[in-house]
Amino acid sequence: MPSTTRRNRRRDTPPPRTGSNETEVLRGFLDYLRISIASKVDGAPEPQVRTVAVPSGTNLLGLLNHLTCVERSLFLGDDVTDWQATFQAAPADSVADVVARYRDAVKRANDVLDGCTDLGAPVPRLRPDRPAPSIRWALTHMIEETGRHAGHADILRERIDGTTGR
């Protein structure tokens, strides 16, 4: 395991202190976590970024691939039939590819959210035959999901090259 050196330490960025309403607070925290996990994966070295560090098979690149699928499923209506498979990036995918796909999913999800003014309304769906959660539930779930996996990513990245901080 690498030792943490001063150059591998990033200064922690505190959570946002923004939001005069519930929507701004929820979206502010979600975007904060999205940026945190993307920066945790961005620039991670190959092949360590794919190295399994725990018995469950979790790896840093797979976490971001999974979150891309969750964003796309929840906000864009993509159908995911095998959630476990989303925890692995394709062998041909580079770190830059997975990070770019995640950032694109986040941008597209935010485009959908920008048109939502009522947190109690259902998330817009491309296929109206599928039930949709409320926007409030979707934002809260995405904060929980991204926060949990960002914590996993913190540990995995530190094990890879000693990088810490958000």
Residue pairs meeting the criteria (Cβ under 7 Å; at least 6 apart or on separate chains; first part of a helix (DSSP H, G or I), in the stretch 85-113; second among the small types (Gly, Ala, Ser) and open to solvent by less than 80 Å² (accessible area, probe 1.4 Å)): Phe87/Gly57; Phe87/Gly62; Val95/Ala44; Val98/Ala89; Val99/Ala38; Tyr102/Ala38; Arg103/Ala38
Scope the stretch 118-158; condition basic (Lys, Arg) and without any contact (Cβ under 8 Å) to a residue 60 or more places away in the chain; matching residues: Arg125, Arg127, Arg130, Arg148
Residue match in the stretch 52-61 (condition: open to solvent by 10 Å² or more (accessible area, probe 1.4 Å), in contact (Cβ under 8 Å) with a residue 24 or more places away in the chain and touching a Ser or Thr at 6+ places or on another chain (Cβ under 9 Å)): no
Which listed residue is open to solvent by 30 Å² or more (accessible area, probe 1.4 Å), at pLDDT 95 or above, part of a loop (DSSP other than H, G, I, E, B) and closer than 25 Å to Ser94 by Cα, from Asp78, Asp31, Asp82: Asp82
Index of the failed condition, Leu119 passing every other in (1) assigned to a loop (DSSP other than H, G, I, E, B); (2) open to solvent by 30 Å² or more (accessible area, probe 1.4 Å); (3) within 29 Å of Pro131 (Cα to Cα): (2)
Of all residues making up the stretch 130-166, the number that are surrounded by 18 or more Cβ atoms within 10 Å (Cβ to Cβ) and part of a loop (DSSP other than H, G, I, E, B): 1
Matching entry among Glu24, Glu46 (being of a type in the set (Asp, Glu), free of Cβ contacts under 8 Å to residues at least 60 places away in the same chain, open to solvent by 40 Å² or more (accessible area, probe 1.4 Å) and not in a loop (DSSP other than H, G, I, E, B)): Glu24
Verdict on Ser73 being part of a loop (DSSP other than H, G, I, E, B), polar (S, T, N, Q) and within 21 Å of Thr146 (Cβ to Cβ): no
Hey, Asp114 charged (D, E, K, R), loosely packed, with under 15 Cβ neighbours inside 10 Å, out of contact with any Lys or Arg (no Cβ under 8 Å at 6 or more places or on another chain) and within 18 Å of Leu26 (Cβ to Cβ) or not: yes
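Residues checked against (1) over 16 Å from the mean Cα position of the chain (by Cα); (2) within 19 Å of Arg159 (Cα to Cα):
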| position | (1), (2) |
| --- | --- |
| Glu46 | yes, yes |
| Thr51 | yes, yes |
| Arg72 | no, no |
| Trp83 | no, no |
| Gln88 | no, yes |
| Lys107 | no, no |
| Asn110 | no, no |
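The values are calculated or read from the model by the stated rules, or taken from the named source; none is laboratory data. Remember, predicted model here, so these are calculated numbers, not experimental data. Every residue, glycine as well, gets a Cβ built from its backbone with ideal geometry; the counts of neighbours run over all protein chains shown. Keep in mind that these areas ignore ligands, DNA and RNA; they rest on the heavy atoms of the full protein, side chains included. Shrake-Rupley method; radii C 1.70, N 1.55, O 1.52, S 1.80 Å.
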